[in-house]
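Take a look at the structure below.
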Amino acid sequence: MHKSNGLNQKRFGRLAWLWLSVVVLLLDQLSKVYFEGALSLYQQIVVIPDYFSWTLAYNTGAAFSFLADAAGWQRWFFAAIALVVSVVLVVWLKRLKAHETWLAVALALVLGGAIGNLFDRVAYGHVIDFILVHWQNRWYFPAFNLADSAITLGAILLALDMFKPQKSAELSHD
């Protein structure tokens, strides 16, 4: 390894993966703008009958509309949490070692999703959701968006990374 590459790795960790966070943020915001312009509130366009629809919903709470009925303080509470989590994720990315690629991808996905929903919460007072998974007219999963999907995928990758066996070569580089 070239000496300057090693110094850059120590200085910047895996911050190069922030490009993925930016892509998630852009795709999330563009999709929200599109669906907010294309649908009226709670309008449903069935894509796969009995299973999948587009819809437009606003969530003033957190996951599964947690605290959505609160008096408005939750907007800033959840925004503050997202901001703190985002800072922690950037610091974590900076501290990652060169071999921790899957962990970097996971953190970048969660970061991009967190910032996407943070933007909605601060700019609009609610998160814009548009993906609706359901079974016939009997069961509906709460509407969600691309930011939520990125956070979920990142969390799954984080969980899988915890169970990944450590190689002795990786341990010797730490």
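Computed from the coordinates by the stated procedures, all read-outs in this text should not be read as laboratory data. Since we're looking at a predicted model, the values are computed, not measured. Here the Cβ is made from the backbone with ideal geometry for all residues, glycine too, and neighbour counts use every protein chain on show.
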task = Quickly work out the A123-to-L41 label distance, labels modelled 7 Å from Cα along the C-beta direction, and quote it in nm with one decimal.
result = 1.9 nm
ask   = Taking 0.36 nm per intervening residue step and subtracting the Cα-Cα distance, what contour gain separates Q136 from Y51 on full extension?
value = 29.9 nm
request  = For a quick protection proxy, order the peptides 51-57, 105-111, 153-159 by their average other-Cβ count within 10 Å, most packed first.
outcome  = 105-111, 51-57, 153-159
ask   = Suppose every K and R has +1 on its Cβ and every D and E has -1 on its Cβ; what is the size of the dipole of segment 14-163 about the Cα centre, in Debye to the nearest 20?
value = 400 debye
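Could you calculate the contour length gain from W19 to R95, that is, 0.36 nm times the residue separation minus the distance between their Cα atoms, to one decimal place in nm?
Working: separation 76, 0.36 × 76 = 27.36 nm, distance 1.68 nm.
Value of the extension gain: 25.7 nm.
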